[in-house]
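All remarks here apply to the structure that follows.
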Amino acid sequence: MRRASATGSFTCLMKASAKNNQTAWRPQRAAGVILVCVIVYALFGFLVLPWLADRIVTNTVRESLGAELRIGNIDFNPFTFAVVVEDIEFDHPAGDRFAIIDTIQANFEPTAMLGGTLLLAEGRVTRPRLFLQLDPQGVLNVTTIKPLDPAEEPAGEPGSWHFAIEQLEVEGMSVRLTDSTVIPAAELGIDDLSISVQQFSTAPESRSSVDLSMRLMTGGDISADGEIALFPEADVEFGVTVNGASLENVHGHIKALADVNFDSGSLSFDGKFRSNAAESFALEGDARLDDLLLTESENGDRLGSWERLAVNGIELSLTRQSLVVSEVVIDQPYADILIAANGSINLRRAGKGAEVAGETTDEVSAGDEETENVPSEITGESEPAFDVTVGRILVNDAAASFEDRALPIPFSAKITELSGQLSTIATTSDAPSEVEFEGRVDEFGQVFISGHLTPLAPMDDTNISVNFTNVEIPKFSAYTIQFAGREIAGDKLDLKLGYEIRDSQLVGENNIVLREFELGDEVPHPDATSLPLDLAVALLKDSSGHINVDLPIRGDIDDPEFGIASVVGAAFGNLIKGVAAAPFKFLSNLLGVEANELEAMHFPPGRDDLSPPQQEIAAKLGEALVMRPELVLELVGAYHVDADSLALRAAAVDERIEAAIGDTTPYAERRIAVIESLFQEATGEALPVDEADPIARAAGLRDRLVESEPLADVALNELADARANNARNAILSVAPVLDARVSVGISERTRSLDDDSVRMEVRLAPRR
């Protein structure tokens with residue numbers, strides 16, 4: 001019994017033990033399975049998946065894009081879902097280097113997948129470098145990276161998955177752009193680009209914050225911060241700050257517009273940018289361009305500069321097609337205007353443009369003309385109205401230097417301290433802008449500019465008055481040489497220029513006042529006139545020693561040969577030459593008498609006294625000399641041999657007849673008797689028998705007495721001298737102060753008569 005019991009007990013014990021072993025083995029087996037799975041998962045995640053990802057990604061890029069992607073190393077932690085990709089290099093399908101990234105780190109949150117979101121908890125991109133190229137045709141290399149065999153993806157419903165980023169940092173990024181659209185190719189780029197993205201999500205109504213900063217390769221930096229929403233519609237709003245962005249390397253980009261270099265200049269901006277469903281592109285803020293220096297590309301000569309250009313209160317909207325600027329302020333702008341020895345103007349040379357991407361400007365222009373001839377319906381281009389409003393333009397302390405080296409004597413002048421403003425400019429208004437400026441010319445001269453113009457269409461409506469005062473006269477010698485062959489001297493000049501332009505037609509009313517103007521030394525010039533210019537100057541000078549003339553001009557602004565300076569200069573030159581060629585015509589116009597009325601005096605044959613009309617002429621000549629103190633006058637006595645001789649002999653005979661008659665009456669019978677007696681005494685001839693008409697007989701006898709009357713050799717010269725002296729006395733009776741300026745010249749014989757009168761010349765000359 002005891003044995004059986006023992007045996008039974010043992011059996012029961014063995015059964016119980018077996019049962020317990022079976023129970024213990026099951027958890028161990030599960031743990032083992034789990035351990036194996038973990039090991040396999042780890043091996044796959046740590047080893048296989050990075051290798052597989054490398055092969056799949058690189059092969060996919062090669063097969064789909066024809067590009068090469070090289071990855072130095074991929075690390076994946078399957079337990080933390082942390083990914084590290086190192087030494088990434090991407091070559092453009094053309095073979096050029098395109099992108100390099102040192103490291104990409106990404107920590108994903110796997111639990112977020114349960115909610116349908118692929119969540120990047122933390123990401124970091126270190127030192128990405130991007131190499132962009134713009135070919136001569138303007139094609140950017142990034143746009144040419146396309147699938148080798150593109151296929152249309154069927155449109156489907158948006159998936160329920162979302163992508164989100166809690167935090168993403170991009171550090172030390174650089175971008176290089178080689179722009180081959182210009183010659184030589186321009187190298188542009190940015191460095192130290194940092195981007196921080198917070199709380200980004202593709203879920204609707206979500207917004208993320210973005211901060212970025214960068215340093216420009218040419219100098220200056222840019223920073224921006226704001227918010228971005230992409231779904232359901234893009235909504236972007238950023239604050240943007242640009243500090244000191246250099247313009248020194250943009251020469252090539254403006255060659256098509258102007259052949260100039262930006263030797264210095266920095267751009268700054270502080271404002272906001274936004275883009276959303278209601279506003280595609282909107283920009284507001286203040287911009288500034290400091291320390292600008294422009295030079296000619298060919299020779300490096302300075303064209304212009306300014307200390308500061310501030311554009312304040314910018315409001316730009318592409319949706320509304322409008323640009324509003326509160327004001328534009330330009331501080332210390334400067335322009336160098338140079339006319340070279342060959343006649344070319346530096347500003348015009350700079351505006352010619354240069355070759356662009358191997359094409360000449362002629363080729364470009366031809367292309368433009370072809371485009372212009374294509375209907376807009378074909379090109380798809382349109383020109384919507386863009387509204388521009390500028391509140392005002394302020395100019396402070398402007399200066400300009402003008403030099404003309406094409407003249408025999410180089411000319412130069414400077415305008416400094418020019419300040420003023422241009423009132424509101426608006427494309428939406430027909431009202432012109434008011435102009436008002438004031439400045440200094442050289443050392444002591446002054447300039448005032450006022451009026452109005454339409455800035456966007458100045459040829460349609462412009463009315464400008466430009467007044468120069470107290471400008472040094474000798475500076476303009478270079479321009480007088482062209483028509484006068486003389487330098488000029490003197491004190492100062494005042495120049496009032498009034499220009500009105502309507503429909504490209506210029507109407508100018510110009511007034512020039514020259515103080516103490518004098519013609520100086522001769523300077524040979526092939527176009528110089530041979531007219532007596534000294535006389536013209538003397539005629540033009542008033543009692544104050546000034547020349548005050550009005551020069552109305554007309555011209556077509558669209559005429560390529562038209563130029564304000566040349567037109568005014570030509571008008572003044574023509575005035576001087578016109579006065580020199582017809583001095584008495586000028587005096588007649590000055591005094592308001594008939595043209596050429598003053599150039600001579602007239603006497604009846606044999607007489608030296610002035611008739612009342614000739615006395616008036618003498619008075620007018622005296623008045624003219626008082627008005628023109630630089631003039632002297634010479635009276636040249638004249639005689640006509642036949643007319644004056646006959647008149648003198650007749651006067652002598654009539655004088656003897658009247659003396660012999662005396663007081664005897666009756667006069668008629670006595671006169672006949674005296675003539676007969678004198679005839680017989682002179683000739684010894686018997687009297688002719690003519691009882692029918694004793695008066696006619698006496699007249700015939702008198703004529704025979706006149707014919708035989710002797711005349712002294714000096715009689716004619718004495719008559720001419722008497723005429724000149726009597727004319728001089730008549731002038732001095734009006735203005736005794738002219739004694740030293742009215743002279744009598746050597747008498748001359750005249751061979752013709754003016755209306756049966758003897759013409760005595762009046763000659764003008766400049767005072768020495």
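Between the alpha-carbon centres of segment 173-238 and segment 718-768 there is a gap of 93 Å.
Between D191 and S611, the simple label model (points 7 Å from Cα in the Cβ direction) yields a spacing of 10.0 nm.
Cross-link pairs exceeding 23 Å between alpha carbons, from the set K585/K620; K414/K577; K492/K585: K414/K577; K492/K585. Taking a point 7 Å out from the Cα of Q167 in the direction of its Cβ, the residues of segment 109-142 whose backbone N falls within less than 15 Å of it are 109, 120-125.
Based on the Cβ-Cβ distance of E669 and D703, what FRET efficiency does E = 1/(1 + (r/R0)^6) give at R0 = 22 Å, to the nearest 0.05? Kindly include the intermediate steps, with their values, before the conclusion.
On the way: r = 20 Å, r/R0 = 0.90.
With R0 = 22 Å, the Cβ-Cβ based efficiency is 0.65.
Note down the net charge around E86, summing +1 for each Lys or Arg and -1 for each Asp or Glu among other residues with Cβ under 9 Å from its Cβ. In short, -3.
With each label modelled as a point 7 angstrom along the Cα→C-beta vector, the A659-L118 pair spans 14.4 nm. Taking amide H as placed 1.01 Å from N in the peptide plane, K492 has its amide H under 5 Å from the amide H of I473, R515, each at least 5 places away in sequence or on another chain.
In what order do M173, M601, M760 fall by count of nearby beta-carbon atoms within 10 Å, going from fewest to most?
Working: M173 20, M601 26, M760 23.
Ascending Cβ contact count within 10 Å gives the list M173, M760, M601.
Estimated at 0.36 nm per residue, the fully extended path between F46 and A651 surpasses their Cα-Cα distance by 203.0 nm. 3J(HN,Hα) along segment 108-120, derived from phi through the Karplus expression 6.51 cos²θ - 1.76 cosθ + 1.60 where θ = phi - 60°, amounts to 9, 9, x, 5, 5, 5, 5, x, x, 10, 8, 9, 8 Hz, with x in place of Gly and Pro.
Using Cβ contacts closer than 10 Å as the measure, can you line up R763, R628 from fewest to most?
Working: R763 16, R628 23.
Ordered from fewest to most neighbouring Cβ atoms within 10 Å, R763, R628 come out as R763, R628.
Report the extension gain between T389 and K585 in nm, rounded to one decimal, defined as 0.36 nm multiplied by the number of residues separating them, less their alpha carbon distance. Spell out each step's value before the answer.
Details: separation 196, 0.36 × 196 = 70.56 nm, distance 5.43 nm.
This chain segment gains 65.1 nm when fully extended.
Multiplying the sequence separation of L711 and R763 by 0.36 nm and subtracting their Cα-Cα distance, what value in nm do you get? The partial results should precede the final answer.
Details: separation 52, 0.36 × 52 = 18.72 nm, distance 2.97 nm.
Using 0.36 nm per residue and subtracting the Cα-Cα distance, I get 15.7 nm.
Of all aspartates and glutamates in the structure, the ones whose alpha carbon falls short of 19 Å from that of K146, not counting any fewer than 8 places away in one chain, are E63, E68, E89, D91, D96, D135.
A Förster distance of 60 Å, applied to the separation of the beta-carbon atoms of E597 and L318, puts the FRET efficiency at 0.25. Projecting label points 7 angstrom from Cα along Cα→Cβ for N548 and D739 puts them 3.0 nm apart. Straight-line cross-link reach from K272 at under 15 Å between alpha-carbon atoms covers these aspartates and glutamates, not counting any fewer than eight positions away in the same chain: D211, D225, E227, D235, E237, E284, D286, E315. Computed from the Cβ-Cβ distance with R0 of 22 Å, the FRET efficiency linking R97 to V142 stands at 0.95.
Read-outs throughout are calculated quantities, based only on the coordinates presented, and are distinct from any laboratory measurement. Keep in mind it's a predicted model, so treat the numbers as computed, not measured. Neighbour counts are summed over all protein chains in view; Cβ atoms, including those assigned to glycine, are modelled from backbone coordinates with ideal geometry.
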